[in-house]
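The values are calculated or read from the model by the stated rules, or taken from the named source; none is laboratory data. Computed from a predicted structure; not experimentally measured. Glycine gets a Cβ as well: all are built from the backbone with ideal geometry, and neighbour counts include every protein chain shown. Quick note on the areas: whole protein, heavy atoms, side chains included, nothing else; ligands and nucleic acids left out. Shrake-Rupley method; radii C 1.70, N 1.55, O 1.52, S 1.80 Å.
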Amino acid sequence: MAMSSSRALLRRIGGALRRRSFSDAAAGPDSAAVGYHVAGGPSYMRGAVFWEPGRPLTLEEFHMPRPKAGELLIKTKACGVCHSDLHVLKGELPFSSPCVVGHEITGEVVDHGTHTPAEIISRFPVGSHVVGAFIMPCGNCFYCVKGQEDLCESFFAYNRAKGTLYDGETRLFLRGNGKPVYMYSMGGLAEYCVVPANALAVLPASLPYTESAILGCAVFTAYGALRHAAEMRAGDSVAVIGVGGVGSSCLQIAKAFGASEVIAVDVLDEKLRNATTLGATHTVNAAKEDAVERIKEITGGRGVDVAVEALGKALTFSQCARSVRDGGKAVMIGLAATNVVGEVDITRLVRRQVKIIGSYGARARQDLPQIVKLAESGAFSLRNTVSRKCRFEEANGAYEDLDQGKIVGRAVVEIME
């Protein structure tokens, strides 16, 4: 999704946002954390720090992050470039700063926190290849106990609201002055990151680190939208509005779940051409024709069983709601800038039983292993979804291109060899 606001305006808006400052957290790491290092390895690492809107990410040195009980230290191999990060970088979604963004990662287990249960150590021994989900469930709150880990109270109360893990503390401290830096999910745009075990799944050796990074957000979000929110069934017709990284993953998940028709909607012909390689049976360029009318034409005048909005815009929200048949489901997964409001025809909603459902992701412990299996079996093509790979030092450029709509699928930053 390309944003039209000027960078100067973003700086002014971003400056007005209230953010947590260094003084809101502990003054720095304790002495044990400062001396912590991986066995036979370094005692510090590099991470990409977001300071304020309009200012480029900078690579900074950190003390090696120390995992606590139930947490693992991961040597980060790859991290996806996502619009959620971009919203934070542009000041459109308030988040604690300075912080390290990046929330879909793959990597290698290098250590376990003290007092981590033996079962976790057995499941993820040192040397294991893993993939991490951006929603990191605590496993103990009201929603996690009910099996709704995508609504985890601790994740939203601590990580999204404060930029910390669930003891209220970050694991990231600058090497030069010991100041804390906050974590967007695990803060994956760094050479090492700390991840709660509940957010991890084993990555088979047959799956590549780089392409598999998208399993933890782009594919994770698509899976949650169609499996849980839409409760999609084989034979359903599905429209996806916005076929970037997450939207293109929705196309593949819909195909894997047995959709009869998969309609891709976008305004860029290049993305629509790519969509046909990912399972789309029909494409609609919304810049050239009325997307809602075209979707109804394709479906015999009724509309689709399920429509997914993957952009987070008021216009596409409305298109999504109007594209579904009577009794159909409109699933909204695109994050919007703060205070963006979508409109809906209330009378049709009531009379025709249209269901509008929000979906933020999937459920890490039950869904992430299943998502990995889809990729391992070939039902989901990772290579066709990842359209760009870049080096750690090129992360700024990747986010700039994402902002300008130049990335067809998903970009992934390759971090450690």
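Among the residues making up region 340-367, those that are free of Cβ contacts under 8 Å to residues at least 40 places away in the same chain, part of a helix (DSSP H, G or I) and not polar (S, T, N, Q) are ILE346, ARG348, LEU349, VAL350, ARG351. Residues that are over 18 Å from GLU104 (Cα atoms) and open to solvent by 40 Å² or more (accessible area, probe 1.4 Å) do not occur anywhere in region 380-399.
Across region 31-86, the qualifying residues are those that are under 19 Å from PRO196 (Cα atoms) and hydroxyl-bearing (Ser, Thr, Tyr), and the one among them that is modelled with the lowest pLDDT is TYR36. Listed by first and then second residue, the pairs linking a residue in region 287-314 that is over 23 Å from HIS228 (Cα atoms) to a residue that is among the hydroxyl-bearing types (Ser, Thr, Tyr), with Cβ atoms under 6 Å apart and 6 or more places separating them unless they lie on different chains, are VAL292/SER323; ILE295/SER323; THR299/SER237. Looking only at residues of region 179-193 that are open to solvent by 10 Å² or more (accessible area, probe 1.4 Å) and of a type outside the set (Ser, Thr, Tyr), we find that the one that is farthest from the chain's Cα centre (by Cα) is LYS179. Taken across region 352-372, residues that are farther than 30 Å from TYR143 by Cβ, at pLDDT 95 or above and open to solvent by 10 Å² or more (accessible area, probe 1.4 Å) do occur, with at least one present.
The criterion of at least 2 residues that are buried (at least 20 other Cβ atoms within 10 Å of the Cβ) and under 22 Å from the mean Cα position of the chain (by Cα) is met by the following helices (runs of 4 or more DSSP H) wholly inside region 260-339: 269-276, 314-323. Entry remark, region 69-85: residues being under 17 Å from the mean Cα position of the chain (by Cα) and open to solvent by 10 Å² or more (accessible area, probe 1.4 Å) number 3 in total. Exactly one residue among SER260, SER237, SER249 is in contact with a helix residue (DSSP H, G or I) (Cβ under 6 Å, 6 or more places away or on another chain) and among the polar types (S, T, N, Q), and that residue is SER249.
May I ask you to verify whether VAL372 is touching a residue at least 40 places away in the same chain (Cβ under 8 Å) and touching a strand residue (DSSP E or B) at 6+ places or on another chain (Cβ under 8 Å)? It would help to see each step written out before you state the result.
Working: touching a residue at least 40 places away in the same chain (Cβ under 8 Å): yes; touching a strand residue (DSSP E or B) at 6+ places or on another chain (Cβ under 8 Å): yes.
So VAL372 fits the description; yes.
Annotation note: of PRO56, PRO98, PRO94, the sole residue that is open to solvent by 20 Å² or more (accessible area, probe 1.4 Å), under 20 Å from the mean Cα position of the chain (by Cα) and not charged (D, E, K, R) is PRO94. Please identify the pairs in which a residue from region 255-279 that is within 12 Å of GLY244 (Cβ to Cβ) has its Cβ atom under 7 Å from the Cβ atom of a residue that is open to solvent by 30 Å² or more (accessible area, probe 1.4 Å) and of a type in the set (Val, Ile, Thr), counting only partners at least 6 apart or on another chain. Short answer, once both residue conditions are applied: ALA264/THR283; LEU272/THR283; ALA275/THR283.
Kindly check whether there is at least one residue in region 393-408 that is farther than 28 Å from GLU92 by Cα and either at pLDDT 95 or above or part of a loop (DSSP other than H, G, I, E, B) (or both). If you could, list the steps in order and put the result at the bottom.
Taking region 393-408 first, the residues farther than 28 Å from GLU92 by Cα are none.
No - not one qualifying residue is present in region 393-408.
Assessment of region 137-152 against the conditions (touching a strand residue (DSSP E or B) at 6+ places or on another chain (Cβ under 9 Å), open to solvent by 30 Å² or more (accessible area, probe 1.4 Å) and of a type outside the set (A, V, I, L, M, F, W, C)) yields no matching residue.
Look through PHE220, PHE156 and report the one residue that is open to solvent by less than 10 Å² (accessible area, probe 1.4 Å), more than 20 Å from LEU73 (Cβ to Cβ) and aromatic (Phe, Trp, Tyr).
Details: PHE156 fails: open to solvent by less than 10 Å² (accessible area, probe 1.4 Å).
PHE220 is the lone residue from the list that is open to solvent by less than 10 Å² (accessible area, probe 1.4 Å), more than 20 Å from LEU73 (Cβ to Cβ) and aromatic (Phe, Trp, Tyr).
In region 340-351, how many residues are of a type in the set (A, V, I, L, M) and open to solvent by less than 70 Å² (accessible area, probe 1.4 Å)? Looking only at that region, the number is 2.
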